[in-house]
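Please read the structure below before turning to the comments.
What follows draws every value from the coordinates through simple rules; no lab data is involved. These figures come from a predicted structure and were not determined experimentally. Neighbour counts are summed over all protein chains in view; Cβ atoms, including those assigned to glycine, are modelled from backbone coordinates with ideal geometry.
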Amino acid sequence: MPKLKLALYWAASCGGCDVAVLDINEKILDVAEMADIVLWPIAMDFKYHHVEAMDDGSIDVCLFNGSVRNTEQEKIAKLLRQKSKVMVAFGSCACFGGIPALANFFNRDLAFERAYVEAPTNANAERVFPQTLTKVAEGELELPEFWDTVLALDQVVAVEYYVPGCPPPVDLILKVVDALATNSLPPPGSVIAAEKTLCDECPRTKEEKKITKIYRPHEIIPDPEKCLLEQGIICMGPATRGGCGARCIEANMPCRGCFGPPAGVQDQGAKMLSALASIYEVKDEAEIARMIEEVKDPAGTFYRFGMSTSMLKRKRI
Ligand code: SF4
Ligand code: SF4
C-alpha cells in the first residue's frame, strides 16, 4: 500500500499541538511507517514552494493547528486546502479560535499598543510598530498583514474533521492515526471526541446543590469527590464537549472548556452562563450584582477557547 502524504502546519498557535503529536511516543514510528511527511514547519525543513509545486489534492491529510489571524496564515490555509484531500482542524485554536481569539475583544491597534508599547518589558518611546512593507538598502522587506479579527480554520477554508483540545490528548491523536491507517475515518464534518458534555463523563458526585458564592480555584481547596461547580468553582463541564478523559478534573482543577461546545450548542459561553444562573441562588438584585462581581474575568471564563465561533465572534469597537 502506498504511503499517505501527511502535512502538519501551525498558524496562530503556541506550538503545544505540535508537541502533542510528539507525545504519542513510539507510535510516531507507526506514523512514519504509514505516512511521508511533506510539511511540518516545527520539525522539518520543507519550504512553502515545495508545497506549491505539488499537484492539487496530492496531500492525503493535513493536520492544521492554530487559528488564522494574518495574511500569511490565510494564504497557507488556502494553499494546503487546495493540495489536501482531507483537512483536519487540529486543536482548539483551529477548531474554535482558541486562546488567540481572546484578542477579538480588542482590535489590531489595541493589540499592537499593548504588545509594542505598554507591556512592561518594552522600551519603545518612538512608538515603532511592525509595518507590512519596510524599505532597506537591499530592497523591500515584507511582513504579513495582521487582522483585527482572529478566525477559526473553517471560517477561512472548508474542513472535514475537528480534533479539539488544548492540546488534543494523546488517545484522540492515536484514534485519528488508527482511523487513517485503517481507512476508517468517520463521516466528514465529525468532531473526533464525545458527543455529550464533559459532565456526562465526569466521575464526581453531583447533588443538585445550589450555590451562593463563586470562588476562584486558589481561594479554596475543593473536595476531590464532589462536583466543582456545586462547590462554587466555575467549571465549564456543562458547556463543554466530553472526550478528554476529564484531565483537569482529575487534577482537582475546573474544566476551562478547551473541547469547545457539545453537539447542538452554538455558543459555549451563553450555555455556561445559563448553567451557572440555574444553580446560583440569589434573593435580590444586590445579590445578583454581587454574583456578577464575583466572576472576575467573564470574557476569559466563558469564551476562553470559543470566541471566533461564538455568536459574538468579536467585540464591536
Ligand atoms: S461541573 Fe465540572 S466537576 Fe461538576 S460534574 Fe461537570 S465536569 Fe464534573
Ligand atoms: S477538563 Fe476541560 S479544559 Fe481540561 S482538558 Fe478536558 S475539556 Fe480541556
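Before moving on, here are some points about what is shown:
- Cα-based radius of gyration for region 25-110, normalised by 2.2 N^0.38 Å, reads 1.24.
- Over 25 Å (Cα to Cα) - which of 196/226; 27/75; 175/196 fall in this group: 27/75
- By the Cβ distance rule (another cysteine Cβ under 4.7 Å), the unpaired cysteines of the chain are 14, 17, 62, 93, 95, 199, 202, 227, 235, 244, 248, 255.
- Kirkwood Rh and Cα Rg combined as Rg over Rh, evaluated for region 198-302: 0.94
- With Cα atoms, 0 to 90° folded angle of helix 268-279 axis to the chain main axis: 10 degrees
- Length-normalised contact order for region 198-302 - Cα pairs under 8 Å, 6+ apart - percent: 29 percent
- Expressed to the nearest 5 percent, the antiparallel share of DSSP beta bridges inside the chain is 30 percent.
- P(r) of region 106-147 over all Cα-Cα pairs, binned every 10 Å from zero, in whole percent: 26, 43, 28, 3
- With N as its number of residues, the chain has a Cα radius of gyration that, divided by 2.2 N^0.38 Å, comes to 1.10.
- Based on Cα contacts under 8 Å between residues 6+ apart, the chain shows a relative contact order of 18 percent.
- Multiplying the residue separation of residue 112 and residue 183 by 0.36 nm and removing their Cα-Cα distance gives an extension gain of 21.0 nm.
- Within a Gaussian network of the chain (alpha carbon springs, distance under 10 Å), most fluctuating of 37, 211, 288: 288
- Calculated mean residue ellipticity at 222 nm for the chain: -7500 deg cm²/dmol, from DSSP H runs with n ≥ 4 weighted as -39500 (n - 2.57), summed, divided by the residue count and rounded to 500.
- Sites residue 219 and residue 33 - FRET efficiency at Förster radius 51 Å, r taken between beta-carbons, to 0.05: 0.55
- Point-to-point label distance, residue 44-residue 141, nm (Cα→Cβ direction, 7 Å offset): 3.1 nm
- Net charge in the neighbourhood of residue 154 (other residues with Cβ under 12 Å of its Cβ; Lys, Arg +1, Asp, Glu -1) is 0.
- Label-point separation in nm, residue 72 to residue 288, each point 7 Å along Cα→Cβ: 4.9 nm
- Nearest-0.05 FRET efficiency for residue 297 and residue 195, computed from C-beta distance (R0 35 Å): 0.75
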